[in-house]
Amino acid sequence: MSSSCSGLSRVLVAVATALASASSSCPETWGSPGVQYGQPGRSMTLCCPGVTAGAPVSWFRDHETSLLQGPDSGLGQELVLTQADSTDEGTYICRTLDGALGGMVTLQLGYPPARPLVSCRAADYENFSCTWSPSQVSGLPTRYLTSYRKKTVPGTDGQRMSPSTGPWPCPQDPPGAARCVVHGAEFWSQYRINVTEVNPLGVSTRLLDVSLQSILRPDPPQGLRVESVPGYPRRLRASWTYPASWPRQPHFLLKFRLQYRPVQHPAWSTVEPTGLEEVITDAVAGLPHAVRVSARDFLDAGIWSAWSPEAWGTPSTEPLPKEIPAGSQPHTQPEEDTQVDSPAPPRPSLLPDLLPLDHRDPLEQVAVLASLGIFSFLGLAAGALALGLWLRLRPDGKDGPQKPGFLAPMIPVDKLPGAPNL
Ligand SMILES: *[C@@H]1O[C@H](CO)[C@@H](O)[C@H](O)[C@H]1NC(C)=O
Ligand SMILES: *[C@@H]1O[C@H](CO)[C@@H](O)[C@H](O)[C@H]1NC(C)=O
C-alpha cells in the first residue's frame, strides 16, 4: 500500500515539477549520455530529451508500436513508471504530436552508492597508498573521489589536536585504478582519507583515519642467497638486501627475521639477525635447507613484511680448506661436535660441525667482545642514571629552592616561587 501511495505522490510531484519548470529541459545526470537511471521498486520518471519542457509527447518502447503513455496524460514530456523493475529496463522513444521532435532514452536500474571498503598501506616511510572496493554492487557507472586531510599534529598530552589542514586530492594512479597515493606524508601525523563513491543515484563517503607509522609494512627483503661454508658441514650463510622500495636512511632502518628448515622438515627455526647476513650454525649436515627472510621497521612501527621467496642451500661436505693454519687441522676427521640439540641423527659419512671455541669465526669473537662491551656500557649507564637521580632527588640541593619530584627541574626558573620576575 505504501508503495502505491508513494507512487501516486511521485506522480503528483512529477506533474507539479513539469508544470513549474515549464521552460527547462531534462536535468543533466552524470553517467552515459542518453541513459537515465533508477532504482528497482521505486517510481521512475523518464524525461524526453530534445523537447521543450511541458510539451506533450507520446511514449513507446523501442521496437513496439503500442502506446505507453499518450500526449493527453497531462505529464508533458515525462513518462512515469510507478514501480520500475528489470522488465522496464531498455530503450524508450518519445515524440511530439506532430512527430517532428523527439528522442530516445535508455533506462538502467541499479542502486545508490554504499560506503566503499578502504584500506591503506605504506611500503616506505614517506608515501602511502589506499585501495578501495565497493561494499555493495550498484550495477551503475561509478567513480570515486579521493582526498585527504592532515588531521592532527601530535601534541605532548596526546589530546590536543591542531586544526586539520587540507583537503588535498589523493591522486589516482593510474586514473581509474582503485588506488590512490599520498606522497611525502609525515611519519607521525594522522591523516583522514576520504573515498567518496559517486554514481548517478547519489554519493556515499567513507572516512578512514590512518597514520603512516601504524600502516607501515615494508616489502620483503630482496636478493636472498644461501651459501655453504666450506669446512663447516652444519653452517649456511644467508645474505639479502633491503627492498628496493625502502631507501636507506639513518633514521629509518629495517630489522630482519630469518627462518630456515631442512626442506623435508615442516617446522621453521627463527632468528633475528642484526645485519644483512646471518650464519646458521645448526643446519643439518648434508640436507638441503630452505631459508626465507622478512623485514620490519627498526623501531617496530607497523607490521612485518611478507616473507621473501625461499632460497635453498645445502651445507658443505668438503673438508676444511687448505688455507687454515696447518697446526689446527692435522686430520681430515675432525673432533666430535659438542652440541647435542642436533635435530636429526648425524649420518656417519657426514662431518658434524666441530671447531673448539678458540678456533671459532672471528665474527663470533667480535660478537662476544661486542656484547661484553654493551654490558659494561649498560652498567656504566645504570650507574650514571642512579647518580643523576640521587642528585635530583636529594632533599637539600645546593642549586636554589627546588621542589622534590621529577618535574621540578622542568619548571622554568622564572616560574618558581621566590625567583625574581623578569
Ligand atoms: C616517495 O615517493 C617518491 C615519488 O615516487 C619517491 O621519489 C621517494 O623516494 C619515496 N620515498 C621513499 C622514502 O621511498
Ligand atoms: C569527502 O569528499 C567528498 C567529495 O569530494 C566531499 O563532498 C565531502 O564533503 C568530503 N567529506 C568530508 C567529511 O570531508
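Every number in this text was worked out from the coordinates using simple rules, so none of it is lab data. Please read all numbers here as calculations on a predicted model, not as lab measurements. Virtual Cβ from ideal backbone geometry, glycine too; neighbours counted across all protein chains shown.
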Exercise. Hey, fewest Cβ within 10 Å first, where do Ile193, Ile280 land in order?
Worked result: Ile280, Ile193
Exercise. Quick one: if you stick a label point 7 Å off each Cα along the C-beta vector at Glu318 and Val263, how many nm between them?
Worked result: 2.1 nm
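So which GluC sites (Glu not before Pro) in region 158-246 pass both tests, a DSSP loop state and at most 11 other Cβ atoms within 10 Å of the Cβ? Could the numbers behind the result be given before it?
Details: sites: Glu186, Glu197, Glu227; in loops: Glu186.
Answer in residue order: no site qualifies.
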